[in-house]
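Undergrad: Quick one: the structure is below, and I'll ask about it shortly.
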Amino acid sequence: HFLSIPMFIIYALWVYVPDETLLKWEITYYPPKSYAIYAPLALLGAFVGALVLSPVINSSLAPKVDAIETLWDRYSRVPVCASGNTEMMATTAGGSLPEICDLDVADINVYIGRQQQGSVRDRS
C-alpha cells in the first residue's frame, strides 16, 4: 500500500508525458508506451483467470458427491456401540447423552424411516 500511490504517479507520468519531454528530463531508459496497454490487460487477464481457475481446481480436488470420503475420513469418530443400533441417537441407559461420534448413514436412514412410517400410521 505504501508504494502504490507513488508507483501510480510514475505510471501516469510515463503514459501521459510525451517522449520528448522525458528525454529533456534526461529519462532515457523506460519501457515502450505499448506496455501501457499490455500490462493492465495482462493483470486483468490474470485476475479473471484466477476467478475461473480457482473453482475448477477446488472442484477437482474435492471428492465426488457420492464418494464415501464425503462421509468418513481419518478424523471421523467411530461409534462405541455396534452399527444398526439407532437407539444410540436418543440417550444412553443412564439417561445421559452418548459420547460424541459420527453416526453411520445406514443408522440415520433407519431412524428417519421409522419416523416416516410412524407419521404415515398416524394419518391412517
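The values are calculated or read from the model by the stated rules, or taken from the named source; none is laboratory data. What you see is a predicted model; the values in this text were computed from it and never measured. Every residue, glycine as well, gets a Cβ built from its backbone with ideal geometry; the counts of neighbours run over all protein chains shown.
Undergrad: Identify, please: which residue in segment 107-124 is modelled with pLDDT under 80 and among the small types (Gly, Ala, Ser) and is, among those, surrounded by the fewest Cβ atoms within 10 Å (Cβ to Cβ)?
TA: Looking at residues that are modelled with pLDDT under 80 and among the small types (Gly, Ala, Ser), I get Ser124.
Undergrad: Separate question: Could you tell me which residue of segment 1-28 is surrounded by the most Cβ atoms within 10 Å (Cβ to Cβ), considering only residues that are more than 39 Å from the chain's Cα centre (by Cα) and under 15 Å from Pro40 (Cβ atoms)? Quick ask: steps written out before the conclusion?
TA: Within segment 1-28, the subset more than 39 Å from the chain's Cα centre (by Cα) is 13-14, 16-28.
Of the ones still in play, those that are also under 15 Å from Pro40 (Cβ atoms) are 14, 16.
On the way: Trp14: 15, Tyr16: 9.
Once the filter is applied, the top-ranked residue is Trp14.
Undergrad: Follow-up. In the set Leu61, Leu71, Leu53, which member is closer than 30 Å to Leu103 by Cβ, of a type outside the set (S, T, N, Q) and modelled with pLDDT of 85 or more? Talk me through it step by step, then tell me what you get.
TA: Working: Leu71 fails: modelled with pLDDT of 85 or more; Leu53 fails: closer than 30 Å to Leu103 by Cβ.
None of the other options fit; the residue is Leu61.
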